[in-house]
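Written below as structure tokens is the structure these notes are about.
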Amino acid sequence: MKQQNLSWHLKRDKHTFTNYVKATKYYKDELGKTKCTTLSLHIEIMNPNHLPNVYVDHEDHDTMNNRKSNLRISSNDENTKHRKSKNSNNKSGYRNVAIINRWYVVQLMIDGRNQPLAKFKYVDDAGEYAEKARQKYYGEFHGNS
């Protein structure tokens, strides 16, 4: 296989607003037309053979840290669970804690469904419970508070 010089650069993901290290690879198609594709450094390092539904996760959430020891293969479900923060519309201040009828309700996505697990009078109690629930249900992909 011919080695190609690639120019790596930062590119901001328009959905997550996160920077990733990317490169543009140019090639000729079967008709000789020049085409291009975008490569992601973390995916190239892990080389998951570009299989569908296979993702590369940054364990420490730092998308600039592309050392192989910081990367792991994950499913879409695992990758989605491994988040570092709450949703942008969160009003409780804690990930997986919603305010419903003056109660702080802990909800987690389990088996593709949003499951209410417990409700609390005090937000800090709900936040602590949510962290423990993520550790229990999400395992190594529980992310941060």
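The values are calculated or read from the model by the stated rules, or taken from the named source; none is laboratory data. Here the structure is a predicted model, which is why all the values come from computation and not from measurement. Ideal geometry is used to build each Cβ from the backbone, glycine not excepted, and the neighbour counts take in all protein chains shown.
Which of the residues that make up segment 72-95 are at pLDDT 80 or above and within 12 Å of the chain's Cα centre (by Cα)?
72, 73, 74, 75 - these are the residues of segment 72-95 that are at pLDDT 80 or above and within 12 Å of the chain's Cα centre (by Cα).
Run down 133, 118, 98 and say which single residue is over 20 Å from the mean Cα position of the chain (by Cα) and surrounded by 17 or more Cβ atoms within 10 Å (Cβ to Cβ).
98
Filter segment 13-67 down to residues that are over 20 Å from residue 80 (Cβ atoms) and basic (Lys, Arg) and give me whichever is farthest from the chain's Cα centre (by Cα).
Among those that are over 20 Å from residue 80 (Cβ atoms) and basic (Lys, Arg), it is 33.
Take residue 126 and tell me if it is over 23 Å from residue 10 (Cβ atoms), of a type in the set (Gly, Ala, Ser) and touching a Phe, Trp or Tyr at 6+ places or on another chain (Cβ under 7 Å).
yes
Given the options 14, 33, 25, name the one that is among the basic types (Lys, Arg), modelled with pLDDT under 90 and assigned by TED's automatic domain parsing to the domain that holds residue 57.
Result of the check over 14, 33, 25: 14.
Quick one: which residue in 74, 88, 7 is under 23 Å from residue 135 (Cβ atoms) and of a type in the set (Ser, Thr, Tyr)?
On inspection, the qualifying residue turns out to be 74.
Given the conditions (1) at pLDDT 85 or above; (2) over 27 Å from residue 17 (Cβ atoms), and given that residue 49 satisfies all but one, which numbered condition is not satisfied?
(1) is the only condition that residue 49 fails.
Are there strands (runs of 3 or more DSSP E) fully within segment 8-70 with at least 3 residues that are in contact with a helix residue (DSSP H, G or I) (Cβ under 6 Å, 6 or more places away or on another chain)? List them.
55-58
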